[in-house]
Amino acid sequence: MKMNGARIMLECLKKEGVDTVFGYPGGTVINIYDELFSFKEIRHILPRHEQAGTHAADGYARATGRVGVAIATSGPGATNTVTGIATAYMDSIPMVIITGQVPTPLIGNDAFQEVDIIGITRPCTKHSFLVKDVKELALIMKKAFYIARTGRPGPVLVDLPKDVQIAQTEFVYPETVEIRSYKPTTTGHPRQVEKAMAMMLESRRPVVYVGGGAVLSNASDELTELCRKLAMPVTTTLMGLGSFPENDPNSLGMLGMHGAYCANMAMTHADLIIAIGARFDDRVTGKLATFAPHARIIHVDVDPTSIKKNVRVDLPIVGDVRDVLAKMIKQADKLTDKVAEFKAALAPWHEDIVGWKAKHPIGYKNSTTVIKPQFVIQKLRELSDEDAIISTDVGQHQMWTAQFFQFNKPRTLLSSGGLGTMGYGLPAAMGAQAAFPERQVITICGDGGVQMNIQEMATLVQNRLPVKIVILNNNFLGMVRQWQELFFDKRYSSTCMELPIDYVKLADAYGAKGFSTSKPGEVEKVIKAAFKHTGPVIMEFMIAREEKVLPMVPAGASLNEMVLNA
Amino acid sequence: MQHTISVLVENEFGVLSRIASLFSGRGFNIDSLSVAPTNEDGMSRMTIVTRGDDQILEQITKQLNKLIDVIKVIDFTDGSGIERELALIKVTAEDESRAEVLRIVDIFRAKIIDVTPKSYTIEATGNPLKIDAILDLLRPLGLKELVRTGAVSIGRGAKGWKG
């Protein structure tokens, strides 16, 4: 059947199983919107800013594991998506972004709302396509989804000129796709897995260091089974939180700059590090020269460029994390005697770890007069549903959430780890809530970041997305203030927000509900009331203004040089 | 250490800028780059001369391979390749230097491709070191203009790149 390009694009989305898109109309996508008007199989959510639409698609993707889809018009619409695309790229989130483009004869003429979005996004997309002929559109869409979701996932941009949306052709969606230049390695080499198992069983002080790759490949069950089978301690990065249950006795919690003392000490004293879908980011390793000085390193990653990028690796395994972990479990099952021997030999190592955990547990000093942010996070965990999805912005509240919430299930924490994008939390929660209308979705924000996409309150109310917004308000850009306090002599340059905002009135203005308190005794009451409310809610907690995130490894210091109290 | 890398790519829109932006974005050096279509439909071949230690070279080849449009990356540094470069050289040639230029051209088995009473234009082909050598000899005579293609490289032996 002959269709125009706009309709073909929507048919392709349907074929890919897309049920929700986040998009903003404009001159060069008006034909797509005209088709959407009568296209009932896809739910379209209109954000109030294209950046938020892109973050929402990202939140949708992180929460579901499916490909998130965002639409924007050419020019400013397209440039507004860039932060959202870069955020997804840094955290390897599968997304397809469709941007309108000026008609092909006008490309390069500085036409109205023309921008070279392919050029602008080249360094922050996994790949991108400019569709020049409607006959290529279906194949390009097929490739875009395939590339976004396979290998190391990432955002793919499809730039669709207006005349291609209008042009007509037969719609045939290819059943399969074959790209001769793109063949990601997905299965781990069995010999490498055998060698890895031998190295593990020889080690006496092993640490499993898990990153976002374990979440992305849905490897949580395999990871948990293997680590429990071998009684190996597990630490995760921010992106890896939830992949291994934090309530397991072998969990060390998060490592790195604001990681647990026991996790950083374990890394420093380990004789073997098994890196699973993690990339040895500078926030994790601290000073590279003194990172894990005694350890041999096994690195499992689907992306070969992650291996040996920052640290030397003794045994690389390229492949999908889930596949490799499943193979490791099979290996371990063949070696039951050796595994038993190994577990017994780990006793002194477990004693060391228990000692570190007891010496400096993650903690804080509570107060009866002022609300401590950590207390709010703990109360949120206590009062929220087991399968609640939490999104965060970036800064102190993000680290407190990572430290105190305790994530036991994958895909329950949505946070911008790589790019560190303020303004991510609220729209990401919106995307997750659109995917899971029945689940509790909570976004934990600071008073800085929440204002970067506060306009999305309107989207929440309009679309009946009952996101619970928590604002830990210290009237500061808290993380930068903390650095200014510790490293810049308390010269609080431009980090005090000064103007107080009435968030209760603000919620009211959008037709949502607002609560605010500065009393520790009211925290529980506010949370309960907010959770009971059926629509979107703002909970503002006036917190201790100069509370710091601790412990902390100062930038450039070694992992074992932690500031514990300051 | 200098490396010569061949990159086989899909002849797609924007592929050159993807490769160039990879090098600039990650702080890798490009000493020379040449690109043209191959005998296979829709496939181009780039030869990139770059430099760096082993770890950097490993990253360069991995990052190139990661680009969706890259079909194959071949590093010829271990002497497995033959390298050639072409240079067009416009040199001052008056009176006594005219004979000297001709002698140099003859020694390097280069060609004169344009003549005026005051100049010769020379076409020289060879390994980049040979081009450097002829330039060293011509420079004192008055080099007016120089164009080099950058190196291209192909594997030794009977096998093609597919093996």
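The values are calculated or read from the model by the stated rules, or taken from the named source; none is laboratory data. Since this is a predicted model, take the numbers as computed values, not measurements. Here the Cβ is made from the backbone with ideal geometry for all residues, glycine too, and neighbour counts use every protein chain on show. Calculation scope for accessible area: heavy atoms of the full protein, side chains included, ligands and nucleic acids excluded. Shrake-Rupley method; radii C 1.70, N 1.55, O 1.52, S 1.80 Å.
Residues considered: B:Glu40, B:Glu83, B:Glu58. Largest GNM mean-square fluctuation over chain B, using C-alpha springs under 10 Å, is found at B:Glu40. Each of A:Val504, A:Ile543, A:Gly556 was scored by the projection of its Cα onto the charge dipole of the range A:504-566, and the greatest displacement toward the positive side belongs to A:Val504; charges sit on the C-beta of Lys, Arg, Asp and Glu. Counting Lys and Arg as +1 and Asp and Glu as -1, each charge on the Cβ, what is the dipole of the protein assembly as shown about the Cα centre in debye, to the nearest 20? Approximately 1000 debye in magnitude. Placing unit charges on the Cβ atoms only, positive for Lys and Arg and negative for Asp and Glu, gives the range B:1-118 a dipole magnitude near 140 debye about its Cα centre.
Accessible area per residue for the range A:152-191, computed on protein heavy atoms with a 1.4 Å probe, is 50 Å². Note on the range A:526-565: Rg/Rh from C-alpha atoms, Kirkwood Rh, equals 1.30. A Förster radius of 51 Å combined with the Cβ-Cβ distance from B:Arg139 to B:Phe13 puts the calculated FRET efficiency at roughly 0.80. Quick one: helix B:15-25 against the long Cα principal axis of chain B, what's the angle to the nearest 10°, folded into 0 to 90? Orientation of helix B:15-25: about 90 degrees from the principal axis. For the range B:49-163, the carbon plus sulfur part of the accessible surface works out to 53%, probe radius 1.4 Å.
Per residue, how much accessible area does the range A:461-530 have with a 1.4 Å probe, in Å²? Per residue, the range A:461-530 has an accessible area of 54 Å². Measuring gaps between exposed loop sites in chain A (chymotrypsin sites (Phe, Trp or Tyr not before Pro); DSSP loop; at most 11 other Cβ atoms within 10 Å), the longest gap, sites not included, is A:113-566.
Heavy atoms of the protein chains alone define the surface here; on that basis the range B:1-156 has 52 Å² accessible area per residue at 1.4 Å probe size. Spatially close Lys pairs in the range A:78-194, defined by Cα atoms under 22 Å apart and a spacing of eight or more places or different chains, total 12.
Across chain B, the longest piece that holds none of the trypsin sites (Lys or Arg not before Pro) lying in DSSP loops with up to 14 other C-beta atoms within 10 Å covers B:27-108.
Rounded if a/c is under 1.5, else prolate if a/b beats b/c, else oblate: with a ≥ b ≥ c from the C-alpha gyration tensor eigenvalues square-rooted, which is chain A? In terms of gyration-tensor shape, oblate.
For the protein assembly as shown, the residue among A:Thr285, A:Ile377, B:Ser153 whose Cα projects farthest onto the positive side of the dipole built from Cβ charges is A:Ile377. The value of relative contact order for the range A:83-200, using C-alpha pairs under 8 Å at least six residues apart, is 33 percent. The value of relative contact order for chain A, using C-alpha pairs under 8 Å at least six residues apart, is 14 percent.
Taken over the range A:352-506, the ratio of Cα radius of gyration to 2.2 N^0.38 Å equals 1.10. Reported to the nearest whole Å, the Cα centre-to-centre distance from the range A:359-435 to the range A:70-88 is 26.
In the range B:65-99, the residues that give up 40 Å² or more of accessible area when the other protein chains are added, compared with the chain on its own (1.4 Å probe), are B:Lys66, B:Ile68. For chain B, pairs of C-alpha atoms spaced more than 27 angstrom apart make up 37 percent of the total. The label point for A:Thr290 and the one for A:Asp387, both projected 7 Å from the Cα toward the Cβ, are 4.6 nm apart. With a 1.4 angstrom probe, the accessible area lost at the A-B interface totals about 1700 Å².
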